[in-house]
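Heads up, the thing below is written out as structure tokens.
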Amino acid sequence: MTITKKVTRGVKISSGLVLLGVVAGTFLGNWLPKFDGGDGVIPVQGSKPDLNEKEPPPAEADPQTTPVSPLSDLQITIKDRGYWIAAETDGTLQEITLEQVVELATATTGDENGIRVRVIRAPSARARAEENLEQALLDAKIPRDSIVGLGPTLP
């Protein structure tokens, strides 16, 4: 057996394995869950805020006019260092202050599982903003187990 026969045989085996891998990957790809990393968003009640949406100009959205209405639960999105809430009319995100988040959260009644606040972290969310939100909600006497989406607490 010469070197060219060994090389040819190795190339045939390698090509066959690559072809088998592509066919198996295509076949199994339809049934396996997607491992694309996702965007870290937890869909809630069929609504998914657009985390790539640009911030509205200050003239369009006045954060001081956020109405307080009795809600079962509140969905807050943390983007960079800010807190955002989906508008009830069209679902666009509006920036609100931490004080407004606490005010809205204390007005919630909780859903059927007792969840009052759902926190969604955008890829740009800062850890300090999440920590400030958690501390403000706990100071407002909202139990930790009625807040979903915050990072784990360490002993």
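Here are some notes:
- Dipole of the stretch 63-148, positive direction: furthest Cα of Ile147, Gln100, Pro123, with charges on the beta-carbon: Pro123
- In order along the stretch 130-141, the phi-based Karplus estimate (6.51 cos²θ - 1.76 cosθ + 1.60, θ = phi - 60°) of 3J(HN,Hα) comes to 5, 5, 4, 5, 4, 5, 5, 5, 5, 5, 7, 6 Hz; Gly and Pro are listed as x.
- In the stretch 95-145, the GluC sites (Glu not before Pro) that fall in loop regions by DSSP, at most 14 other Cβ within 10 Å: Glu112
- Nearest-0.05 FRET efficiency for Thr26 and Gln135, computed from C-beta distance (R0 30 Å): 0.05
Computed from the coordinates by the stated procedures, all read-outs in this text should not be read as laboratory data. The structure presented is a predicted model; accordingly, all values stated were derived computationally and were not measured. Neighbour counts are summed over all protein chains in view; Cβ atoms, including those assigned to glycine, are modelled from backbone coordinates with ideal geometry.
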